[in-house]
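The values are calculated or read from the model by the stated rules, or taken from the named source; none is laboratory data. None of the values given here were measured: they were computed from a predicted structure. Don't worry about glycine lacking a Cβ; one is built from the backbone with ideal geometry, like all the others, and counts go over all protein chains shown.
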Amino acid sequence: MGALVNGANDAKWMADGLCLKFDYDLCYPEKKARIADAKKVCEQCAVRLKCLDWAIEHDEPEGVWGGMGPTERRKEIKRRRTVTL
């Protein structure tokens with residue numbers, strides 16, 4: 001599936017997630033309109049790429065991880081498979 005950012009499998013990076021400073025619902029919004037709010041936080045997060053890789057590696061089905069929602073992550077998985085072929 002392509003190389004992961006160093007440390008993506010090591011969950012220690014999670015403690016540095018900017019999202020921890022916000023309500024849990026930010027990253028698991030019920031309304032799609034709120035996904036944009038989560039993505040704005042992700043854009044500023046120092047561990048965004050590790051977060052995204054972790055979500056892809058662990059097949060995270062919900063929420064915003066590394067600036068991508070579930071549909072975007074599925075597209076990213078396909079893109080990475082294409083790049084590595």
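List of remarks:
- Among residues of the range 28-46 being farther than 17 Å from residue 11 by Cα and of a type in the set (A, V, I, L, M), the one that is surrounded by the fewest Cβ atoms within 10 Å (Cβ to Cβ) is 33.
- Taken over the range 9-60, residues that are of a type in the set (Gly, Ala, Ser) and part of a loop (DSSP other than H, G, I, E, B) amount to 2.
- Search result, residues across the range 65-85 that are of a type in the set (A, V, I, L, M), out of contact with any helix residue (DSSP H, G or I) (no Cβ under 9 Å at 6 or more places or on another chain) and touching a residue at least 60 places away in the same chain (Cβ under 8 Å): 83
- In the range 1-27, the qualifying residues are those that are surrounded by 15 or more Cβ atoms within 10 Å (Cβ to Cβ) and modelled with pLDDT under 80, and the one that is nearest to residue 63 (Cα to Cα) is 8.
- Filter result (of a type outside the set (A, V, I, L, M) and either crowded, with 18+ Cβ neighbours inside 10 Å or within 17 Å of residue 12 (Cα to Cα) (or both)) within the range 47-63: 48, 50, 51, 53, 54, 57, 58, 63
- Scanning the range 40-77 for residues that are within 20 Å of residue 16 (Cα to Cα) and either among the hydroxyl-bearing types (Ser, Thr, Tyr) or more than 9 Å from the chain's Cα centre (by Cα) (or both) yields 40, 41, 43, 44, 45, 46, 47, 57, 58.
- Residue match in the range 64-75 (condition: crowded, with 18+ Cβ neighbours inside 10 Å, on the phi > 0 side of the Ramachandran plot and touching a Gly at 6+ places or on another chain (Cβ under 9 Å)): no
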